[in-house]
Amino acid sequence: MAKIPLHTFHIPVMGLAYTIDSPIRVAQYGISSVIALADDDLIEKMRNFYSNKFNIPYEEITQKFQDYRAERITSYLNLVDKIVKEKFENFKIELAESKTALENFMSMLPNTSDIKKGFQNLLDDGIAFKENIQNYIETHLFPGEIDVNIMTKLDKDNFIKNEQLPVEFNDAHAALRGFANSNLESSVVLSAGMNPRLFGYFENFPAFFPNENNELKKKIILKVSDFRSAMIQGNFLAKKGLWVSEYRIESGLNCGGHAFATDGLLLGTILEEFKQKKEQLVQSAHELMIKALQLKNQAFPKNPLELKITVQGGVGTAEEHAFLLDKYKVDAVGWGSPFLLVPEATSVDKETRTLLMNAKEDDFYLSNISPLGVPFNTLKGTTNEFLKQKRIHENKAGSSCPKKFLALSKEYDPHGICTASKKYQDIKLEELESKKDSLSSEEFEKNKIKITEKSCLCVGLANASYLENDIKVKGQSQGVVICPGPNLAYFDQEVSLKEMVQHIYQGKSVLRTDRPNLFVKELKMYVDYFRNEIDNVSGEVTAMQLKKWNSFKANILEGIEYYQNLFSSTLYFKKEEDKIKKQFHFYKSELNTIQIPKPELV
């Protein structure tokens, strides 16, 4: 029987640790969530932790195993799958035997849910209740998806001493193999853009191809920021006979973690394009996939497979959630950062959760701390920032770099080196010192900050789970890095899972009252981003830069016009319509005050 999702939201991947065990926490309620596969060391420690917790035999997979990274991932995912299935079976028994438990569960379902209405009819009927409810539960309830995430760019080459291992032992390749070999029938979410070599590796695993019944045992989800990117990546995979089952649209800036800004394209205009062109996306990929599968002499579907469109990034109210579902016909909405304040759903240590609850708008910022060189949403006052600054003050800048997942720079080492490492920063600081006489003190300090501001994300983004579960952390203290989106500034209290779900569906708000509209907030971020780009330009302005800036500005202006028309015609957001329109007008004026430099030295 086809699974009908219970919920219209999912919990996206957050950091390395924050959703590492979310399926174990929430899947029994039908809530889908995503596990990051970047850190196999964390994954192995969590497998040990949960094996002990549920009295399941555990045998450590050490780095002495030839394919230890993939095997660790496979073993952990199989463990999570086993635990989720057991918890779900127990939950079904509880629902059948306890009306209180059933009513509590029903209160967490959308009011529009046919399944919720079915439960209510059984309760109202009352005849042969237990037998009927058991049958209904067996027929209609399924656990939430145990999906996984791979950042395509985190595909570091690996070595044994000086001998480079075959490409299939690269980090992302091994992670994909770990998922492919697991028992899960779920999806891999690919983020951070296209990696042709990794995309080609999918062809090695039959589970990603449709069987004779046109079913996919394992599915592909692409996280994208615009329609063009979706079309390019989807068709690339289709030419290999691979189907993208979902495009997960994420706001370029109003999101958690790494921020991949669009060319000024705002979320509303992007969603509108997906809505208008979805059939084009489906048909283009379907035709290419059939040709590829025919060449491979494999079974192929006569009709296109299911394709979902979902959206995430900065959503914060029940009205915004309902609007996105209604206006753009998306299949689900991702709610990430707010769930960092739900202990039942995410893995966050108490100190960091308290920091998140007390943080205000100015505490959330787009930083340069990521060794990937991509803007990174984070928070002031983390323990990682304190320890990093302490090392800088003691002239010991840089991390010991124990995990090396981001050791991607080959500037000084063919094996790769992380720009947050002490090894890398020592070299860069020595080079900078040799140029000190030719630089002003201001230029010197600016360059020094650029070198030393990088943080050890591999350790910092994993430590929360170790601290929460009292797992010993070895090596140099790195503290915790947290990567929420700026939307979390408007959530200031720890809440239960039930309270958060009712906030999403029923408007039983857990918010501060001064939160700006989703689209207004993103617009502000793009105007600020554009101003920062212009203010920090140096050297000669090229024709390419000018073209990019003019296009960026034109796209924002087009987006503002789209929103002004949208908010004049929609039945949503009526209480704040005048305020929102004034904000659009204000940011349009702000944008027009930003002067694009002329093509000459600045």
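Read-outs: derived from the displayed coordinates by stated rules, not from any lab. What you see is a predicted model; the values in this text were computed from it and never measured. So basically every Cβ, Gly included, is an ideal-geometry build from the backbone, and we count neighbours across all protein chains shown.
Rg/Rh for the stretch 453-602 (Cα atoms only, Rh after Kirkwood) is 1.09. If the Kirkwood radius is taken over C-alpha pairs of the stretch 164-220, then at 20 °C and 1.002 mPa s the Stokes-Einstein diffusion coefficient equals 177 µm²/s. Local charge for Ile35 was computed over the other residues whose Cβ lies under 13 Å away, with Lys and Arg +1 and Asp and Glu -1, and equals -3. Excluding Ala175 itself, calculate the net charge of residues whose Cβ lies under 12 Å from the Cβ of Ala175, where each Lys or Arg counts +1 and each Asp or Glu counts -1. Computed value for this residue: -3.
Name the lysines eligible as straight-distance cross-link partners of Lys240: C-alpha to C-alpha under 24 Å, and not fewer than 8 places from it in the same chain. Answer for Lys240, where 24 Å is the Cα cut-off: Lys153, Lys156, Lys217, Lys218, Lys219, Lys223, Lys277, Lys278, Lys291, Lys296, Lys302, Lys308, listed by chain and number. A DSSP coil position with no more than 16 other Cβ atoms inside 10 Å describes the following trypsin sites (Lys or Arg not before Pro) in the stretch 177-283: Lys217, Lys239.
Cross-link partners for Lys436 among the aspartates and glutamates, with Cα-Cα distance under 18 Å and sequence neighbours closer than 8 places in the same chain left out: Asp426, Glu445.
Net charge dipole, the chain: roughly 540 debye, given to the nearest 20, about the Cα centre with Cβ charges of +1 for Lys and Arg and -1 for Asp and Glu. Among the trypsin sites (Lys or Arg not before Pro) in the stretch 45-74, those located in a DSSP loop and surrounded by at most 15 other Cβ atoms within 10 Å of their own Cβ are Lys64. Dipole check for the stretch 327-415: with +1 at the C-beta of Lys and Arg, -1 at the C-beta of Asp and Glu, and the Cα centre as origin, the magnitude is about 140 Debye. Normalised by residue count, the stretch 196-244 yields a Cα convex hull volume of 74 Å³ per residue. The aspartates and glutamates whose alpha-carbon is closer than 12 Å to the alpha-carbon of Lys547, local same-chain residues fewer than 8 away aside, are Asp263.
Tell me the relative contact order for the stretch 31-75 as a rounded percent, counting alpha carbon contacts under 8 Å between residues six or more apart. Rounded, it is 38 percent for the stretch 31-75.
Seen from Glu468, the other residues with C-beta closer than 15 Å to its C-beta sum to a net charge of 0, counting Lys and Arg as +1 and Asp and Glu as -1. Taking every DSSP helix (H) stretch of at least 4 residues in the chain, weighting each as -39,500 (n - 2.57) and dividing the sum by the residue count yields a mean residue ellipticity at 222 nm of -14500 deg cm²/dmol.
Taking every C-alpha pair closer than 8 Å and separated by at least 6 residues, the mean separation divided by the residue count of the chain gives a relative contact order of 15 percent. Of the GluC sites (Glu not before Pro) found in the stretch 60-107, those that fall in a DSSP loop while having at most 15 other beta-carbon atoms within 10 Å are Glu60. For the stretch 388-545, the convex hull drawn through the C-alpha positions has a volume of 210 cubic angstrom per residue. Separation of the stretch 295-314 from the stretch 577-592 is 39 Å, based on Cα centroids. Note on the stretch 2-73: Cα-only Rg and Dmax are 14.2, 43 Å.
Expressed as a fraction of 2.2 N^0.38 Å, the value expected for a compact globular protein of N residues, the C-alpha radius of gyration of the chain is 0.99. Per residue, the convex hull spanned by the Cα atoms of the stretch 188-314 amounts to 99 cubic angstrom.
Each Lys and Arg adds +1 at its Cβ and each Asp and Glu adds -1 at its Cβ; summed about the Cα centre, the stretch 106-251 shows a dipole of about 500 debye.
May I ask which of Lys327/Lys581; Lys508/Lys581; Lys548/Lys598; Lys380/Lys404; Lys82/Lys498 have a Cα-Cα span longer than 22 Å here? Distance filter (> 22 Å) returns Lys508/Lys581; Lys380/Lys404; Lys82/Lys498. Compactness ratio for the stretch 547-589: Cα radius of gyration over 2.2 N^0.38 Å (N = residue count) comes to 1.30. The radius of gyration of the Cα set in the stretch 429-471, together with its Dmax, comes out at 17.1, 51 angstrom.
Across the stretch 112-254, the relative contact order, built from alpha-carbon pairs under 8 Å that are at least six residues apart, equals 18 percent.
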